[in-house]
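The values are calculated or read from the model by the stated rules, or taken from the named source; none is laboratory data. Everything numeric here is computed off the predicted structure, so don't read it as measured data. Neighbour counts are summed over all protein chains in view; Cβ atoms, including those assigned to glycine, are modelled from backbone coordinates with ideal geometry. Just so you know, the surface numbers come from the protein's heavy atoms only, side chains and all, with ligands and any DNA or RNA stripped out. Shrake-Rupley method; radii C 1.70, N 1.55, O 1.52, S 1.80 Å.
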Amino acid sequence: MESTIDTSLYVAIKNQGTIRLNDIPVISYSEFYAKVMSLMQNDQNHCVTYHAFPQGKVLKFICCIANDLDAEIKILSHEQPFKRDLQLMSITKNVYAFHGYEREIMENFGVDFLSHPWKKPVRYAFNRADHSKVINNYPFYKITSSELHEVGVGPIHAGVIEPGHFRFLCNGETVLHLEIQLGWQHRGVEDTYVRKKTLLQRTVLSESIAADTAVGHASAFAYLIESMAGLQKKNDQLDIERTIGLELERLAMHIGDLSNMCIGLAYQLGAAVFGALRTPTINYSQLWCGNRFGKGLIRAGGTHYPLGKELQDALLKFLENFEGRFKTMAAKLFALPSALMRMENIGKVTKTQMELIGAVGMAARMTGMARDLRHSHPFGAYRFVKYESPSPVTTGDVWARAALRKVEIEKSILYLRRLIRELSAIDGQSPKPIAENNLKILPGVLTVSMVEGWRGEICHAAVTDDKGEIIHYKVKDPSFHNWMALALSLRDLEISDFPINNKSYNLSYCGHDL
Amino acid sequence: MILDELRIFKQHGKQFIPDVTKPVLPGPFKGRPEITLERVDEEALASVCPTGAISKAPVSVDLGKCVMCGECAFAFPSKIKFTKDYKIATNVRENLIIKAGDLEPVNLDESRIRREIQTLFGRSLKLREISAAGANADEGELNACGNVNFDMGRFGIEFLASPRHCDGIVITGPISENMAEAVQICYDAIPDPKLIILVGTDAISGGIHSGSKALQRSFLEKYPVDLYVPGNPPHPLTFVNGVLELIRKR
């Protein structure tokens, strides 16, 4: 009896699944609240998206909770009258990982989540409910004491990087609290998905959500739109080629990050060598698809750039050269006392903290959390070429973030070689991209598409109306969760350790701000 | 052990590109397009473009709007092809519009280069980069300009932190409303005379984000732009060659 009552509260899909909106039960907020609370008791569950959109006179809420053991995504939904003074009891009060989702809903629709501990706007979106809140007048947390001082950095930083503001509350050299202010990068991406209607426009947009994750976000979009158009048949050849693109992106970004971290350590040799190794990595992308960031590679339904025999050989050759050069330099870095002392026990966070904030991807794995969609909700080639993802790194400090990159680089090299072997075994041909006219998007559906990008979990969700037009598009970059990890790392740390910590996370500003 | 370092040096050898004006880029790199005079369904051709960069009668491609997706060349291969010419930066906005039959390289208009640029910045140009909602590809390539391969520092071109020490700003990204004030403050903090360089399609026209209400681009209406560096993102060689052309002695 219990289970029948239970299942009437939600409906479950798999990753990149599509479901008719009418098949999602709409439950009362108290039922919703209780069910989310009980699901989130289970360590294997985490919320991958919780958002709202107006549908006539109601505000419809969609909450997707993924289970890492059975690869199921439970969809819960409730509806509320769409009015300004709507008040709901906050989930964040008990499940902290919901803080960003509820703040986003508060910002966008003026909903008041009662007892939410931090009602700060997420990104000062152009279409926010309250325009009296602007990015330049936000009241930061303060501590009143004549012995403490504040340090403000940004939005424009010293280097050639994206904008964000960091406000440190300091006791001498020690940081008591770091508050991160984001939103400077807001371009209205989700609105543009609805506004610009051609498949190509939406694909190009996906590539520029966070262009250092062009392949990751474009893959999430391609899988979403294919599922939404009912293209069920998977093409293994195409999936392998897309997955090679994803792993190459991971390789390029991880090696670039190691270079940047060496700059943070003032270790010139490491910075130059890892930096030089990034060049052939992204040059391979250019050889393959003409763009060093993999733009143009991922297209719905197929590809313009099949990975033929010559390109496969070039990839193997590149990997061999890369591996040799990487190994010597990595061995040197991880045995260098002056580098280690700047990484070990610096900016430490715990597994419990990362579970609390709902960290994903690398920020979770460097504390020993096994959060990896390639393993738990496999897609693309990960469906049939298994990617084992036990994290051998658990310490949660700067060293762990560097060491995890080294481990993932080594694993990516092996995995890429396996994919090439699979590819030559199939000996097929990837189809051409699907033509706009042949794409019939299903009416009245919700699709959820998740991809493990190099930073972590990317989640795209979209809803269509009864004519098959996309009326709502929701993007979640892993940085949406992980910025809080950086703030936690800085507690009780010397402020001079901020740059190395920031580089060790390398989170996305534009992916967060959208 | 010093032997480790020697081994690393040996493995890597010399990495820099000796002459940055010469390299031929590998793969299907998309640089300056060439458009033939062939008759095609221009309406259909223009409608392919995701950013409205293609105009009709005569057919032209505006590199300031083009996101280099290459879909027009896939759809009309005999009408448009993208060459590997990466020297596409210019100081005149109209020069970014490539018309049918136009086979000339993209040039700078010398008469419109301010004299102080050559006299003051010819051997040392320090720039303040502002990412104004840039998506981190343009920024990544600008960082690459200073790496051991492209090494633009050898020409005296460098990105610095303080605007007070700089000779101009480089803007990437479509300029969000939330960044508009910061862009203005940074520009004001740079001593005269100063340059403005726009890098990437997003900065030049808004790119795929054009028309978004989250953008605030009025800064660009106030001041003349000294160099447009198109691309999505521009290749480091596009930026380095463009800036060298701008500041070289004439």
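Of the residues that sit in segment A:60-87 and are in contact with a helix residue (DSSP H, G or I) (Cβ under 7 Å, 6 or more places away or on another chain) and open to solvent by less than 10 Å² (accessible area, probe 1.4 Å), which one is farthest from A:Asp465 (Cα to Cα)?
Ranking the candidates gives A:Ile65 first.
What is the one condition in (1) open to solvent by 30 Å² or more (accessible area, probe 1.4 Å); (2) within 23 Å of the chain's Cα centre (by Cα); (3) over 28 Å from A:Gly294 (Cα atoms); (4) within 11 Å of chain B (Cβ to nearest Cβ) that A:Trp118 does not satisfy?
(4)
Please state which one of A:Ala364, A:Ala331, A:Ala370, A:Ala359 is part of a loop (DSSP other than H, G, I, E, B), in contact with an Asp or Glu (Cβ under 9 Å, 6 or more places away or on another chain), more than 30 Å from B:Tyr86 (Cα to Cα) and not aromatic (Phe, Trp, Tyr). Break it down into steps so the answer makes sense when it comes.
Values: A:Ala364 fails: part of a loop (DSSP other than H, G, I, E, B); A:Ala331 fails: part of a loop (DSSP other than H, G, I, E, B); A:Ala359 fails: in contact with an Asp or Glu (Cβ under 9 Å, 6 or more places away or on another chain).
Unique residue meeting the criteria: A:Ala370.
Residue check, A:Ile255 against (1) within 13 Å of another protein chain (Cβ to nearest Cβ); (2) assigned to a loop (DSSP other than H, G, I, E, B); (3) hydrophobic (A, V, I, L, M, F, W, C), all met but one. Which one?
Result: A:Ile255 fails condition (2) only.
Identify, please: which residue in segment A:199-219 is polar (S, T, N, Q) and either more than 7 Å from chain B (Cβ to nearest Cβ) or within 21 Å of the chain's Cα centre (by Cα) (or both) and is, among those, surrounded by the most Cβ atoms within 10 Å (Cβ to Cβ)? Talk me through it step by step, then tell me what you get.
So in segment A:199-219, the residues polar (S, T, N, Q) come out as A:201, A:203, A:206, A:208, A:213, A:219.
With either more than 7 Å from chain B (Cβ to nearest Cβ) or within 21 Å of the chain's Cα centre (by Cα) (or both) added as a condition, the list becomes A:203, A:206, A:208, A:213, A:219.
On the way: A:Thr203: 24, A:Ser206: 30, A:Ser208: 31, A:Thr213: 34, A:Ser219: 29.
This residue is A:Thr213.
On the given criteria, is B:Pro26 assigned to a loop (DSSP other than H, G, I, E, B), at pLDDT below 95, within 20 Å of the chain's Cα centre (by Cα) and of a type outside the set (D, E, K, R)?
Here the answer is yes, as B:Pro26 does meet what is asked.
If A:Leu446 passes every condition in (1) within 21 Å of A:Ser208 (Cα to Cα); (2) assigned to a strand (DSSP E or B) but one, which one does it miss?
Condition (1) is where A:Leu446 drops out.
Determine if segment B:118-141 includes at least one residue that is away from chain A (no Cβ under 14 Å), open to solvent by less than 30 Å² (accessible area, probe 1.4 Å), touching a residue at least 40 places away in the same chain (Cβ under 8 Å) and outside any helix (DSSP H, G or I). Before you say what the answer is, go through the steps one by one.
Within segment B:118-141, the subset away from chain A (no Cβ under 14 Å) is B:118-125.
Checking which are open to solvent by less than 30 Å² (accessible area, probe 1.4 Å) leaves us with B:121-122, B:125.
From the residues that got through so far, the ones that are touching a residue at least 40 places away in the same chain (Cβ under 8 Å) too are B:121-122, B:125.
This time we only want the ones that are outside any helix (DSSP H, G or I), so: B:122, B:125.
Yes, because at least one residue in segment B:118-141 is away from chain A (no Cβ under 14 Å), open to solvent by less than 30 Å² (accessible area, probe 1.4 Å), touching a residue at least 40 places away in the same chain (Cβ under 8 Å) and outside any helix (DSSP H, G or I).
When both residues are 6+ apart or on different chains and their Cβ atoms are under 6 Å apart, which pairs have a first residue that lies in segment B:199-222 and is closer than 14 Å to B:Asp62 by Cα, and a second that is basic (Lys, Arg)?
Hits for this filter: B:Ser205/B:Lys65.
Looking at segment A:170-181, which of its residues are open to solvent by 10 Å² or more (accessible area, probe 1.4 Å) and either free of Cβ contacts under 8 Å to residues at least 40 places away in the same chain or within 14 Å of chain B (Cβ to nearest Cβ) (or both)? Walk me through it before giving the result.
Initial filter on segment A:170-181 (open to solvent by 10 Å² or more (accessible area, probe 1.4 Å)): A:171-174, A:176-177, A:180.
A:Asn171, A:Gly172, listed by residue number.
In segment A:187-198, which residues are under 22 Å from A:Thr464 (Cβ atoms) and at the interface with chain B (Cβ under 9 Å from one of its Cβ atoms)?
First pass over segment A:187-198, keeping only residues under 22 Å from A:Thr464 (Cβ atoms): A:188-198.
Hits for segment A:187-198 are A:Gly188, A:Val189, A:Asp191, A:Thr192, A:Arg195, A:Lys196, A:Thr198.
Considering each of A:Gln237, A:Gln232 in turn, give the residue that is away from every other protein chain (no Cβ under 14 Å), under 29 Å from A:Pro378 (Cβ atoms) and in contact with a Gly (Cβ under 6 Å, 6 or more places away or on another chain).
Working: A:Gln232 fails: in contact with a Gly (Cβ under 6 Å, 6 or more places away or on another chain).
Answer to the check: A:Gln237.
Can you tell me which of (1) crowded, with 20+ Cβ neighbours inside 10 Å; (2) more than 9 Å from every other protein chain (Cβ to nearest Cβ); (3) in contact with a Phe, Trp or Tyr (Cβ under 8 Å, 6 or more places away or on another chain); (4) charged (D, E, K, R) is the one A:Glu104 doesn't meet?
(3)
Anything in segment A:24-44 that is within 13 Å of A:Val95 (Cα to Cα) and open to solvent by 10 Å² or more (accessible area, probe 1.4 Å)? List them, or say none. First the steps, then the outcome.
Applying the first criterion (within 13 Å of A:Val95 (Cα to Cα)) to segment A:24-44 yields A:33-43.
Scanning segment A:24-44 gives A:Tyr33, A:Ala34, A:Lys35, A:Met37, A:Ser38, A:Leu39, A:Met40, A:Gln41, A:Asn42, A:Asp43.
For segment A:456-514, please list each of the helices (runs of 4 or more DSSP H) lying entirely inside it that holds at least 1 residues being of a type in the set (S, T, N, Q) and surrounded by 24 or more Cβ atoms within 10 Å (Cβ to Cβ). Steps first, answer last, please.
Working: elements: A:479-489, A:498-505, A:509-513.
In segment A:456-514, the matching helices (runs of 4 or more DSSP H) lie at A:479-489, A:498-505.
Does A:Gly302 meet the test of being more than 11 Å from chain B (Cβ to nearest Cβ), under 28 Å from the mean Cα position of the chain (by Cα) and under 22 Å from A:Ser430 (Cβ atoms)? Talk me through it step by step, then tell me what you get.
On the way: more than 11 Å from chain B (Cβ to nearest Cβ): yes; under 28 Å from the mean Cα position of the chain (by Cα): yes; under 22 Å from A:Ser430 (Cβ atoms): yes.
Yes: the conditions hold for A:Gly302.
Take segment B:47-64 and flag every residue that is in contact with a Gly (Cβ under 9 Å, 6 or more places away or on another chain) and among the aliphatic types (A, V, I, L, M).
Correct list: B:Ala53, B:Leu63.
I'm checking my understanding of the structure. Among residues of segment B:29-59 that are of a type outside the set (A, V, I, L, M, F, W, C) and either part of a helix (DSSP H, G or I) or within 11 Å of chain A (Cβ to nearest Cβ) (or both), which one is surrounded by the most Cβ atoms within 10 Å (Cβ to Cβ)?
Taking segment B:29-59 as the starting set, the residues that turn out to be of a type outside the set (A, V, I, L, M, F, W, C) are B:30-34, B:36, B:38-39, B:41-43, B:47, B:50-52, B:55-56, B:58.
If we keep only those that are either part of a helix (DSSP H, G or I) or within 11 Å of chain A (Cβ to nearest Cβ) (or both) too, we end up with B:30-31, B:42-43, B:47, B:50-52.
Values: B:Lys30: 28, B:Gly31: 22, B:Glu42: 17, B:Glu43: 8, B:Ser47: 14, B:Pro50: 22, B:Thr51: 24, B:Gly52: 15.
The residue in question is B:Lys30.
Kindly provide the set of residues from segment A:121-142 that are within 14 Å of chain B (Cβ to nearest Cβ), of a type in the set (D, E, K, R) and without any contact (Cβ under 8 Å) to a residue 40 or more places away in the chain, ordered by number.
So the first thing to find is which residues in segment A:121-142 are within 14 Å of chain B (Cβ to nearest Cβ), and the list is A:121-128, A:131, A:133-138.
Filter once more, so that each one left must be of a type in the set (D, E, K, R): A:123, A:128, A:133.
Those that are within 14 Å of chain B (Cβ to nearest Cβ), of a type in the set (D, E, K, R) and without any contact (Cβ under 8 Å) to a residue 40 or more places away in the chain: A:Arg128, A:Lys133.
Which numbered condition in (1) modelled with pLDDT of 95 or more; (2) over 20 Å from the mean Cα position of the chain (by Cα) is the only one that A:Gln41 fails?
In the conditions (1) modelled with pLDDT of 95 or more; (2) over 20 Å from the mean Cα position of the chain (by Cα), A:Gln41 misses (1) alone.
Which pairs have Cβ atoms under 6 Å, sit 6 or more apart or on different chains, and link a residue in segment A:12-23 that is surrounded by 18 or more Cβ atoms within 10 Å (Cβ to Cβ) to one that is of a type in the set (S, T, N, Q)?
If the second residue must be of a type in the set (S, T, N, Q), the pairs left are A:Gln16/A:Ser227; A:Gln16/A:Ser449; A:Thr18/A:Ser227; A:Thr18/A:Thr447.
Step by step: first the residues of segment B:162-185, then only those that are open to solvent by less than 20 Å² (accessible area, probe 1.4 Å) and under 12 Å from B:Phe219 (Cα atoms), then the one that is nearest to the chain's Cα centre (by Cα). Which residue is that?
In this case the residue turns out to be B:Ile171.
Looking at segment B:159-191, which of the residues that are in a helix (DSSP H, G or I) and within 8 Å of another protein chain (Cβ to nearest Cβ) is farthest from B:Asp138 (Cα to Cα)?
Pass one, segment B:159-191, residues in a helix (DSSP H, G or I): B:163-165, B:177-188.
Retained after the next criterion (residues that are within 8 Å of another protein chain (Cβ to nearest Cβ)): B:177-179, B:181-182, B:186.
Details: B:Glu177: 19, B:Asn178: 19, B:Met179: 17, B:Glu181: 21, B:Ala182: 19, B:Cys186: 19 Å.
My answer is B:Glu181.
For A:Ser145, which of the numbered conditions (1) closer than 18 Å to A:Phe293 by Cα; (2) away from chain B (no Cβ under 12 Å); (3) among the small types (Gly, Ala, Ser) fails to hold?
Evaluating A:Ser145 over (1) closer than 18 Å to A:Phe293 by Cα; (2) away from chain B (no Cβ under 12 Å); (3) among the small types (Gly, Ala, Ser) leaves (1) as the failure.
Could you check segment B:61-91 and list, in sequence order, the residues that are crowded, with 18+ Cβ neighbours inside 10 Å and not in a loop (DSSP other than H, G, I, E, B)?
B:Val61, B:Asp62, B:Glu71, B:Cys72, B:Ala73, B:Ile80, B:Phe82, B:Thr90
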